[in-house]
Amino acid sequence: MKRLFDLLMALPATVVLLPLMAALGLVVRLTSPGPAIFRQRRIGMGGQPFTIYKLRTMEGADDSTRPRAERVEDWNSYVFSLPGDGARTTPLGRFLRESSLDELPQLWNVIKGEMSLVGPRPEIPDLVEQYPSEFHRRHSVRPGLTGLAQVSGRRELTYGETLRYDLEYVDSHPLWRDITILCRTLGNVLRGRD
């Protein structure tokens, strides 16, 4: 049912939003050097790597040359960021991130079956390599475009808090909960909230 729901929502959404994605991609190309789409390796269901798609938000963004994530000493106080990300973010990129429009190409990941509309956000391999064993339980479901953590604080949360929300979702994710999270996500985006 969840997979059918994803397809019934993602296919028409992609068709409707394709002109917007194309226009945004063109503006990204015209306002800074580099491709419109940023590709990055993430870890998905079953711990399998896959390529995630985003509208590029940084100058010279290239997954192959990005710095590695720092070593995590305390998950309960750690807040994820990569060195130099802020300085390389373009003015358009800041708007795309704040509005979450940079995530729209991930609808293709949903259609391909690599992601779901709702689930834990897929993480970069650097951090997954450091996970304590209990954190890997978040890979028992498809990663999502949005998730319980994203509507419960997102950037205000420490990484440990985010993972606790992810595991809570893994333990209970009926379809009605996905619909509720999608509605809350849409409300946050329309209000301009992180």
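The values are calculated or read from the model by the stated rules, or taken from the named source; none is laboratory data. Keep in mind that this is a model prediction, so the values were computed, not measured. Cβ sites come from the backbone with ideal geometry, for glycine too, and all protein chains shown count toward neighbours.
Some values worked out for this structure:
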item: Complete set of residues in the range 26-46 that are of a type outside the set (S, T, N, Q), surrounded by 13 or more Cβ atoms within 10 Å (Cβ to Cβ) and closer than 30 Å to residue 136 by Cα; result: 37, 38, 39, 41, 42, 43, 44, 45
item: Test: residue 164 is in contact (Cβ under 8 Å) with a residue 60 or more places away in the chain and either at positive phi or among the basic types (Lys, Arg) (or both); result: no
item: Residue, surrounded by the fewest Cβ atoms within 10 Å (Cβ to Cβ), within the range 123-146, restricted to residues that are modelled with pLDDT of 95 or more and assigned to a loop (DSSP other than H, G, I, E, B); result: 141
item: Every residue from the range 88-109 that is under 22 Å from residue 11 (Cα atoms), more than 11 Å from the chain's Cα centre (by Cα) and among the small types (Gly, Ala, Ser); result: 99
item: Members of the range 3-51 that are among the charged types (D, E, K, R) and either within 17 Å of the chain's Cα centre (by Cα) or under 15 Å from residue 112 (Cβ atoms) (or both); result: 3, 6, 39, 41, 42
item: Residues satisfying the stated conditions in the range 147-194, i.e. among the small types (Gly, Ala, Ser) and in a helix (DSSP H, G or I); result: 160, 187
item: Residue within the range 102-120 that is without any contact (Cβ under 8 Å) to a residue 12 or more places away in the chain and within 20 Å of residue 4 (Cα to Cα) present; result: yes
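Each row is one residue, and each column tells you yes or no for (1) among the basic types (Lys, Arg); (2) closer than 17 Å to residue 89 by Cβ; (3) in a strand (DSSP E or B).
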site: 4; (1), (2), (3): no, no, no
site: 8; (1), (2), (3): no, no, no
site: 12; (1), (2), (3): no, no, no
site: 16; (1), (2), (3): no, no, no
site: 29; (1), (2), (3): yes, yes, no
site: 33; (1), (2), (3): no, yes, no
site: 41; (1), (2), (3): yes, no, yes
site: 46; (1), (2), (3): no, no, no
site: 52; (1), (2), (3): no, no, yes
